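Worksheet: one structure, shown below.
The values are calculated or read from the model by the stated rules, or taken from the named source; none is laboratory data. Here the structure is a predicted model, which is why all the values come from computation and not from measurement. In this analysis, Cβ positions are derived from the backbone assuming ideal geometry, glycine residues included, and neighbour counts consider all displayed protein chains. Protein only, heavy atoms only, side chains kept; ligands, DNA and RNA dropped before computing areas. Shrake-Rupley method; radii C 1.70, N 1.55, O 1.52, S 1.80 Å.
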2 protein chains.
Amino acid sequence: MASHGARGRSGGRPTLEEVAARAGVGRGTVSRVINGSPRVSDATRAAVEAAVAELGYVPNTAARALAANRTDAIALVVPEPETRFFAEPYFSDMLRGVGAALSDTEMQLLLIFAGSDRERQRLAQYLAAHRVDGVLLVSVHADDPLPDMLSQLEIPAVISGPRSAAETLTSVDSDNYGGARQAVEHLVGRGRRTIAHITGRLDVYGAQRRIDGYRDALRDAGHEADDLLIEPGDFSEEGGRRAMAALLERRPDLDAVFAASDVTAAGARQALREAGRRIPDDVALVGYDDSAIARHMDPPLTSVRQPIQEMGRAMIDLLLAEVADRRPPASRGLERRQMVLATELVGRASS
Amino acid sequence: MASHGARGRSGGRPTLEEVAARAGVGRGTVSRVINGSPRVSDATRAAVEAAVAELGYVPNTAARALAANRTDAIALVVPEPETRFFAEPYFSDMLRGVGAALSDTEMQLLLIFAGSDRERQRLAQYLAAHRVDGVLLVSVHADDPLPDMLSQLEIPAVISGPRSAAETLTSVDSDNYGGARQAVEHLVGRGRRTIAHITGRLDVYGAQRRIDGYRDALRDAGHEADDLLIEPGDFSEEGGRRAMAALLERRPDLDAVFAASDVTAAGARQALREAGRRIPDDVALVGYDDSAIARHMDPPLTSVRQPIQEMGRAMIDLLLAEVADRRPPASRGLERRQMVLATELVGRASS
DNA sequence: AGGTACCGTGGGAGCGCTCCCACAGGTGAT
DNA sequence: ATCACCTGTGGGAGCGCTCCCACGGTACCT
């Protein structure tokens, strides 16, 4: 029978066929039991399960993937350099949420960085080979071609932080606009008059929405909006430091700052210190994300909490639904799903 | 021909067979070209490559895995909770080194956390299914059953930081003993007399070796070793803070501290500050790892550099060799490979 | 001329699954 | 008794590759 000869049969892992023989049933029946089909009698199921246990049978993933044309894996694609991934708690929180949501599943999670051109090249190859059933995309910039590539390949994908209001992919996001409003309203409520804003990367839609929220909240509070109070940052600590320094130079009379992320706020704090401003006595500071940084800052940072882990969960739910749905290859786009989760202001000593 | 009917042929991705037809050659020949076999004439190779390009052929991983009985994937297993992974630069540096070494390869890297029992359960299942060709194991504790499980399953594995001097798995490590000596000799050279040591987790072999190096260097310098100067830590910041506080209480006369990691040193620094000790005027501080933390600390931290990224590279090299070797299932253990890389002291303002 | 050696090549068999068709046996309506 | 229709089951065919054997051709010996 054996033709490949030296490929080490005998000692190898048991196959479906062997389990079937052991249980005295057919191959198909074992497959049904393994995959939890309801169309199996209780007695047969028990017999098969016993055989599986005795033989220590574990399904061969490659064979399953080949036959069923699915991989049981999804990728979390981070279009940023690894350093950024480790520096910003946003990503690790997201990873945790996603991981938790997936732990009830057979799905495997792959973490893929696509910061450099080289890495993107690899990723394109990877996706073309359909090595994952679906993709989670976090932190995408406005002009990123990745989402379109995914659409073209017809790979289910969910994006966290849509690229624009007209995002075509299924997306999950927190209410950036509302969160920014909460921050500003909080500062106004504390009697602050001159409230500056250090933005995030301007090519990120969420950062734009935060600017909108900041502007509208100021206007509604009857404060005159002054673009000299807005300074672009890039979500990094160094960017926050630089922006804060610029703002202090331009508007030394400011008495509050709303930073687009906690990391940015950390940089701003540093610049404020160097300029001799006390927090919150001279300048109140509010961040965004409510990450570990906010809790450990000195003084502890008031911050807008986005439910990042919940967002991760939601992304998984939506993605798995799309993967399971996978029937109508054309009926997409009709009911685009955009999910927005509420934010919450967490007050601390910095404001 | 088609029997599965609705499984969407036609529009699908091209197969080897189709490429072969297009190039006017046999299936085997295309396979040889794809896999870079030298036994193909230049003309044939060119024809096949053209066909591959025209059709946009991408090999089906699942089919390959099934036929060749390999997965082209390896796992980086972190037997720690995710939080630890993100908090300690050691892991991210290692990941970077491993990733870089792998980027020249077709191999895919999977990052797997096995901190909780639940996760370990999953991992066991995962390994039993042979879903990776090899495993990289970082930060393993003395009594961890994981390495033995790997041996039993005959899965090639490389461990960073052997469990003991008698480690049976192939291992890569830095010279913990020598590194500790360097740190102590440096402090002695600076005229410090009473040098304390905050250890790492005592169930980690490398931490033990650092204690040995510390002890021997002190002895060789003619300083009396005093176990009251040794306080156990756990590589964490909080552990460092606690240990430092205990040491200050016990030996208020100490004038130098060698901490088993930079993160630990950061904790120690905090405790020293709180106790009103100046660094380095009152107490000199030396860390271990030379991570980003060391450079950014105030004052910048003298630290023992382990070439972590190089270690990652080395681990990959050794692992890939084992995976490729895969012939003698019994001849293991004869020439156990233990690789040790040199450390280097990086002097900064803290000492 | 015949023999031996070694290319480069084609294609059969098989990897371990899933999918689906066929079929036996039971049930209830006609 | 006949038909229709369920449910549970067995097993063929096929997923797209790799491995290997066999074969024709050329090159170099005797």
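Between chain A and chain B, roughly 2900 Å² of accessible surface gets buried, counting both sides and using a 1.4 Å probe. For the range A:208-229 and the range B:98-159, what is the centre-to-centre distance using only Cα atoms, to the nearest Å? Comparing the Cα centres of the range A:208-229 and the range B:98-159, I get a distance of 51 Å.
The range A:61-81: which residues show an accessible-area loss of 10 Å² or more, assembly versus chain alone, 1.4 Å probe? Listed in order, they are A:T61, A:A62, A:A63, A:A65, A:L66, A:A67, A:N69.
Suppose accessible area is computed on protein heavy atoms with a 1.4 Å probe; arrange B:L341, A:L228, B:L76 from highest to lowest.
A:L228, B:L341, B:L76
Buried on complex formation within the range B:93-130 (loss of at least 40 square angstrom of accessible surface versus the isolated chain, 1.4 Å probe, ligands and nucleic acids ignored): B:L95, B:R96, B:S103, B:Q108, B:R118, B:R122, B:A129. In a shell of Cβ-Cβ distance under 13 Å around A:R120, excluding A:R120 itself, what net charge do Lys and Arg (+1) and Asp and Glu (-1) give? Spelling it out: positives minus negatives among the neighbours equals -2. Would you work out the charge dipole size for chain A about its Cα centre, treating the Cβ of every Lys and Arg as +1 and the Cβ of every Asp and Glu as -1, and quote it to the nearest 20 debye? Dipole size: approximately 1060 debye.
Accessible area per residue for chain A, computed on protein heavy atoms with a 1.4 Å probe, is 46 Å². Share of carbon and sulfur in the accessible area of the protein assembly as shown stands at 49%, probe radius 1.4 Å. For A:D253, the accessible area of its heavy atoms, probed at 1.4 Å with every protein chain present, is near 80 square angstrom.
Heavy-atom accessible area for B:H223, with the other protein chains in place and a 1.4 Å probe, reaches approximately 20 Å². In the assembled protein chains, B:D281 presents an accessible area of approximately 100 Å² (probe radius 1.4 Å). Heavy-atom accessible area with a 1.4 Å probe sorts B:R193, B:R120, B:R337, largest first, into B:R193, B:R337, B:R120.
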